[in-house]
1. Residues of the range 60-99 being in a helix (DSSP H, G or I) and in contact with a Cys (Cβ under 6 Å, 6 or more places away or on another chain), which ones?
2. Give me the residue from the range 273-287 that is of a type in the set (A, V, I, L, M) and surrounded by 11 or more Cβ atoms within 10 Å (Cβ to Cβ) and, out of that set, modelled with the highest pLDDT.
3. Restricting to the range 64-81, name every residue that is more than 19 Å from the chain's Cα centre (by Cα) and free of Cβ contacts under 8 Å to residues at least 12 places away in the same chain.
4. Does any residue of the range 155-169 turn out to be basic (Lys, Arg), at pLDDT below 90 and surrounded by 18 or more Cβ atoms within 10 Å (Cβ to Cβ)?
5. Look at the range 109-119 and say how many of its residues are open to solvent by less than 30 Å² (accessible area, probe 1.4 Å) and modelled with pLDDT of 95 or more.
6. Is it fair to say Ala63 is within 15 Å of Tyr303 (Cα to Cα), buried (at least 20 other Cβ atoms within 10 Å of the Cβ) and either touching a strand residue (DSSP E or B) at 6+ places or on another chain (Cβ under 9 Å) or of a type in the set (A, V, I, L, M, F, W, C) (or both)?
7. Find the residue count for the range 288-305, including only residues that are of a type outside the set (Gly, Ala, Ser) and open to solvent by less than 60 Å² (accessible area, probe 1.4 Å).
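The values are calculated or read from the model by the stated rules, or taken from the named source; none is laboratory data. Model, not experiment: these values are computed from the prediction. When we count neighbours, we look across all protein chains shown, and the Cβ atoms used for this are built from the backbone with ideal geometry, even at glycine. Heads up: the accessible areas ignore ligands, DNA and RNA and are worked out on the full protein's heavy atoms, side chains in. Shrake-Rupley method; radii C 1.70, N 1.55, O 1.52, S 1.80 Å.
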Amino acid sequence: MKFTIYQESRPGKRRSNQDRIAYCYSRDALLMVVADGMGGHLHGEIAAQIAVQYIAESFQREARGQLQDEMLFLSRALTNAHHAILDYAFDKNLPDPPRTTIVACVVQNSLAHWAHAGDSRLYLLRDGRVAFHTRDHSRVQVMVEQGLIKEGEQATHPFRNRIFSCLGGTHSPQIEFSRRTPLYAGDTLLLCSDGVWGPVGAEEAIAEVDTKNILESLPVLMNRAETLAGPTADNLSIVGMTWHDDFAESPPTTISTMTMPMDSFTTKMEGFASGHTAPANSDLSDDDIERAIAEINSAIRKYTK
């Protein structure tokens, strides 16, 4: 595989960042994940951390070279992450299980497969346009489809936070799966939370991303979203990947997995880190973070063979 990849997560103007993001790749398979902990529910950041960490660790166990079945992997990983969140809530005696949106994508054999629940989105950019984006599992998306509001009004509508599918919570998630999608040289996949796509609005803004240099254009998109959101800016998170055909001339930032050993992985995950001090604007102390890490790992281990 040959690709360029970029990820970033910012708190925006919120006191803490409840988004979690990661990418992980072996020699023949790539995983990207974005989770947006639902701030109106207790421990949203914990739900997002459990989801992303569980999915990434499942990928490392199963993608020894390649995944045997991409859709089965996504279905099992997201469903088990949901139950790991519920187990965490049960063990902690929480009155209401925490919740998180999720969007996850696997790429191998130049084919992309993705799954999502909630309003974190995946965009496929091709030839300077948005060829596809996921459908939000939200009240305002239904209102758009019914003609009650216009496409650009979701981000400011009072019902914008009413999500009907997510991981965690009291109901089983309605996970939506993609078709197998071929990738061509120059195609770019963007996975992002609503803190990114909401403020910039129309698809034209996403289509303006320079897919030839996402290492420069995606920070610009993040800056634009944060500026447009102003003093109410939500957490902003994005993982972007541009695919390079094996026979195309690749830029120097391209990641090539051709020489990777079969049983090795490279992972970049943003979230709680053991031994790290709490950010200055965090509501959590260092002891809180260490305790949360131990509890998260305990919840995940229940679903690890």
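1. Let us first name the residues in the range 60-99 that are in a helix (DSSP H, G or I), namely 60-62, 70-91.
Within the range 60-99, no residue meets the criteria.
2. Residues of the range 273-287 that are of a type in the set (A, V, I, L, M), as a first pass: 273, 278, 280, 284.
When the remaining residues are screened for being surrounded by 11 or more Cβ atoms within 10 Å (Cβ to Cβ), the result is 278, 284.
Values: Ala278: 56, Leu284: 69.
Of everything passing the filter in the range 273-287, Leu284 is modelled with the highest pLDDT.
3. Filtering the range 64-81 for residues more than 19 Å from the chain's Cα centre (by Cα) gives 64-69.
Gln68, Asp69, listed by residue number.
4. Taking the range 155-169 as the starting set, the residues that turn out to be basic (Lys, Arg) are 160, 162.
Narrowing the set further to residues that are at pLDDT below 90 leaves 160, 162.
Now drop any that are not surrounded by 18 or more Cβ atoms within 10 Å (Cβ to Cβ), which leaves 160.
Within the range 155-169, one or more residues are basic (Lys, Arg), at pLDDT below 90 and surrounded by 18 or more Cβ atoms within 10 Å (Cβ to Cβ).
5. Residues of the range 109-119 open to solvent by less than 30 Å² (accessible area, probe 1.4 Å): 112-119.
Within this subset, residues satisfying the condition of being modelled with pLDDT of 95 or more are 112-117.
Residues flagged as open to solvent by less than 30 Å² (accessible area, probe 1.4 Å) and modelled with pLDDT of 95 or more within the range 109-119 amount to 6.
6. Values: within 15 Å of Tyr303 (Cα to Cα): no; buried (at least 20 other Cβ atoms within 10 Å of the Cβ): yes; either touching a strand residue (DSSP E or B) at 6+ places or on another chain (Cβ under 9 Å) or of a type in the set (A, V, I, L, M, F, W, C) (or both): yes.
Here the answer is no, as Ala63 does not meet what is asked.
7. Residues in the range 288-305 being of a type outside the set (Gly, Ala, Ser) and open to solvent by less than 60 Å² (accessible area, probe 1.4 Å): 8 in total.
Residues checked against (1) of a type outside the set (D, E, K, R); (2) part of a helix (DSSP H, G or I); (3) open to solvent by 80 Å² or more (accessible area, probe 1.4 Å):
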{"site": "Tyr184", "(1), (2), (3)": "yes, no, yes"}
{"site": "Leu189", "(1), (2), (3)": "yes, no, no"}
{"site": "Val209", "(1), (2), (3)": "yes, no, no"}
{"site": "Leu218", "(1), (2), (3)": "yes, yes, no"}
{"site": "Asn223", "(1), (2), (3)": "yes, yes, no"}
{"site": "Glu226", "(1), (2), (3)": "no, yes, no"}
{"site": "Ala229", "(1), (2), (3)": "yes, yes, no"}
